[in-house]
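In what follows, a single structure is set out as structure tokens and then discussed.
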Amino acid sequence: MNPPVPLELPVSRAPSYADCVRCGLCLESCPTYSETAAEAESPRGRIAIMKALEQGRLDVSRESLVHLDRCLDCRACETACPSGVRYGALIEATRSRYADAPRGPKRLTGRLLDYFILRVLPNPRRLRRWLRAARLAEAVGLLDYLENSGALRRLGIPRIPIRPARPSSFRATASRPRPARPDQQPAALFLGCVNDVLSPQTHEATIRVLQRHGYAVARPGGQTCCGAIHLHAGRVEEARQMARTNIEAFERAGGSVVVNVAGCGAMLREYGELLAADRRFASRAHNFSMRVRDVSELVAARALHGSLQRPLRVAVHDPCHLCHAQRIREAPRTMLRAINGITLVPLGESDTCCGAAGTYSLTQPDMSRRLAERKWRNIRAAAPEVVAAANIGCIVQLQQHAPQDLRHIRIVHPIELVDEAE
């Protein structure tokens, strides 16, 4: 099997509102439109709003920005669009332009949420400290009391997941990676921020599987958050600085830059575009982006083998930034089909957003919950024993919103199933 060809982003072609011919083929692919049937909640409607704001035909206000804020940035519209509209680039540029625009008075809880999203989530050390405090509050029953009493909802504070799958972390090595043996190919693992804290076992499984398939895996020191959280919040300069830090960290390691989080992978592939105007980093960023591979791409290209201890019915949920942003759909399924004992069962709307969408579940909890419930209706109909999702945000979202009678269904990264089978 030939290695998958990486998605090359069209850096040379600037996104343009004029690319949209208003055909409407994107409408049914948009989760918020399908939930509301409101034109302003569709890609076509949002492009009209963005264009009107830029041309001065629409005032910058909470009423005009709320529809843009409710966009998931799932990029399903890009998959559906026959004209190649680069909607993701358009919405991110607009969010950057109006990141500090007034949206009405912000309560203290809103400012605290901003701090949590921009300063705690991307920082593993701070996130671990927050988790320790939150687990203490949970142990004494404080969180359950606040949630059951309705206090969290009245204050506008979402219930944030606080239980990592394992209370350890997966630290990057500070030293230079050892050179690969002649029979091994070098690879460098991107650790990220949230995944490193909430699901370190995914990193462990990734390394074990890659090592068994001929890779020498390094964990470069000095790496940081991919920058997606900041970019999607309109904080472009902070995202660019994170990109520069990661590029420098991974230049010291050879081979593919391996990612096991869909959102991070999509962001890393866009460094070339993000830093295209940076004379010192433009070429380096392009070279870095061309090295990025989702772990499923590398593993699916190898001759897989292995068996589970017992048969499993597995449904695959396609994270938005894997299937729409990176155009990777078959690689996770190819890995799983190669495992004796796994039966893949069709999942309706497998590529429809589950409502996680980075920090969307924190900033837009009501719509996020509706989409999670919709995803679980499809899971119920598929009746799997396991749902495989290659993104920590999706995994946490599905775990948090699992109906009581379906909580026996495991939600795991597909690489963990491959690891269990070998």
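A compact table of results
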| item | result |
| --- | --- |
| Any pair with Cβ under 7 angstrom, 6 or more apart, that starts in segment 372-385 at a residue that is under 13 Å from ARG313 (Cα atoms) and ends at one that is buried (at least 17 other Cβ atoms within 10 Å of the Cβ) and of a type in the set (Gly, Ala, Ser) | ILE379/ALA315; ALA382/ALA315; PRO384/ALA315 |
| Segment 204-243, residues that are assigned to a loop (DSSP other than H, G, I, E, B) and of a type in the set (S, T, N, Q) | GLN223, THR224 |
| Whichever residue in segment 185-203 is of a type in the set (Gly, Ala, Ser) and part of a strand (DSSP E or B) and, among such residues, is nearest to MET335 (Cα to Cα) | ALA187 |
| Residue match in segment 388-406 (condition: in a strand (DSSP E or B) and more than 24 Å from ARG235 (Cα to Cα)) | yes |
| Some residue of segment 342-352 being surrounded by fewer than 17 Cβ atoms within 10 Å (Cβ to Cβ) and either touching a residue at least 40 places away in the same chain (Cβ under 8 Å) or under 30 Å from GLN184 (Cβ atoms) (or both) | no |
| Selected residue [closer than 20 Å to CYS23 by Cα, touching a residue at least 24 places away in the same chain (Cβ under 8 Å) and surrounded by fewer than 15 Cβ atoms within 10 Å (Cβ to Cβ)] from PRO82, PRO102, PRO43 | PRO82 |
| Meets criteria (touching an Asp or Glu at 6+ places or on another chain (Cβ under 8 Å) and at positive phi) for ALA390 | no |
| Those residues of segment 287-341 which are in a loop (DSSP other than H, G, I, E, B) and over 27 Å from GLN397 (Cα atoms), in sequence order | ALA301, ARG302, ALA303, LEU304, HIS305, GLY306, ALA338 |
| Residue match in segment 316-332 (condition: crowded, with 17+ Cβ neighbours inside 10 Å, within 18 Å of ARG377 (Cα to Cα) and touching a Gly at 6+ places or on another chain (Cβ under 8 Å)) | yes |
| Output for segment 47-89, where each listed residue is within 27 Å of the chain's Cα centre (by Cα) and part of a loop (DSSP other than H, G, I, E, B) | ARG70, CYS71, LEU72, ASP73, CYS74, ARG75, CYS81, PRO82, SER83, GLY84, VAL85, ARG86 |
| Residue ID - nearest to ASP73 (Cα to Cα), chosen from residues in segment 341-367 that are polar (S, T, N, Q) and at pLDDT below 95 | THR359 |
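Conditions tested, residue by residue: (1) modelled with pLDDT of 95 or more; (2) surrounded by 18 or more Cβ atoms within 10 Å (Cβ to Cβ); (3) touching a Leu at 6+ places or on another chain (Cβ under 9 Å).
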residue: MET1; (1), (2), (3): no, no, no
residue: LEU9; (1), (2), (3): no, yes, no
residue: ALA14; (1), (2), (3): no, no, no
residue: THR36; (1), (2), (3): yes, no, no
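The values are calculated or read from the model by the stated rules, or taken from the named source; none is laboratory data. All values reported here derive from a predicted model rather than from experimental measurement. Here the Cβ is made from the backbone with ideal geometry for all residues, glycine too, and neighbour counts use every protein chain on show.
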